[in-house]
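Here the structure is laid out as structure tokens; the discussion comes afterwards.
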Amino acid sequence: HKTIAEEFHLDDLKQANTDFALSNFSELIHTPCYLNLDIEDLTFLLCQDRLDYVSLKNKEQNVSSEFNIFKAALKWINSREDCPKDDAKCIFNTIHFPLMSSEELKMCSDALSDDLYSLCQSYLDEAVAYKLGSQLHKPGPKYEGRCLEPHIVAVGGFTSSEASTNRLVHILSTYMYL
């Protein structure tokens with residue numbers, strides 16, 4: 001089914017709806033609307049770097065926002081009596097497991113049924129390898145934090161031998177989790 005915004009090509013309204021859902025994600029996950037999202041809308045929200053990580057992080061101390069995003073994803077999967085394996089795998093693919101602590105990865109493993117664990121195992125194994133410093137991980141968005149806006153980091157200095165200022169600017173789409 002199409003929304004009014006989609007039906008009438010109201011792109012500004014679609015963007016406003018998306019922005020609202022992302023900035024209020026920690027409240028959205030406690031509503032019946034969240035459990036009624038279709039797989040496409042859910043994965044679209046979960047893969048967005050603009051998820052409301054601040055309020056998710058503050059809801060439970062000492063737990064990263066990524067772990068709470070995992071719990072929200074698992075809640076949706078478990079609400080389906082027979083969630084297709086392809087849907088569950090697609091949802092797990094949106095989670096940035098490498099950003100979780102070792103304890104959180106263990107909690108993820110413990111929270112999964114045997115069937116779901118088999119679908120998520122490769123993501124968990126990859127995150128553990130990353131934690132152990134393995135060079136086997138593939139660089140990509142799962143290794144970057146979620147943030148609301150890009151960050152700019154500038155590094156520079158003056159060297160007397162060159163009598164010039166060296167500047168290096170990286171635009172980072174990462175957020176350092178404590």
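The values are calculated or read from the model by the stated rules, or taken from the named source; none is laboratory data. Note that the structure is a prediction, hence the values are computed from the model and not measured. Here Cβ is always computed from backbone atoms with ideal geometry, including for glycine, and neighbour counts include all displayed protein chains. These accessible areas exclude ligands, DNA and RNA; they are computed on the full protein's heavy atoms, side chains included. Shrake-Rupley method; radii C 1.70, N 1.55, O 1.52, S 1.80 Å.
Other residues within the sphere of radius under 10 Å centred on the Cβ of Ile39, judged by their own Cβ, net out at -4 (K and R +1, D and E -1).
Return the FRET efficiency for the residue pair Asp115, Asn93: r is the Cβ-Cβ distance, R0 is 25 Å, and the value is rounded to the nearest 0.05. After rounding to 0.05, the efficiency reads 0.90. Phe20 sits with roughly 140 Å² accessible to a 1.4 Å probe, with DNA, RNA and ligands left out of the calculation. With 0.36 nm allotted per residue and the present C-alpha distance subtracted, the Met107-Leu37 stretch has 22.7 nm of extension available.
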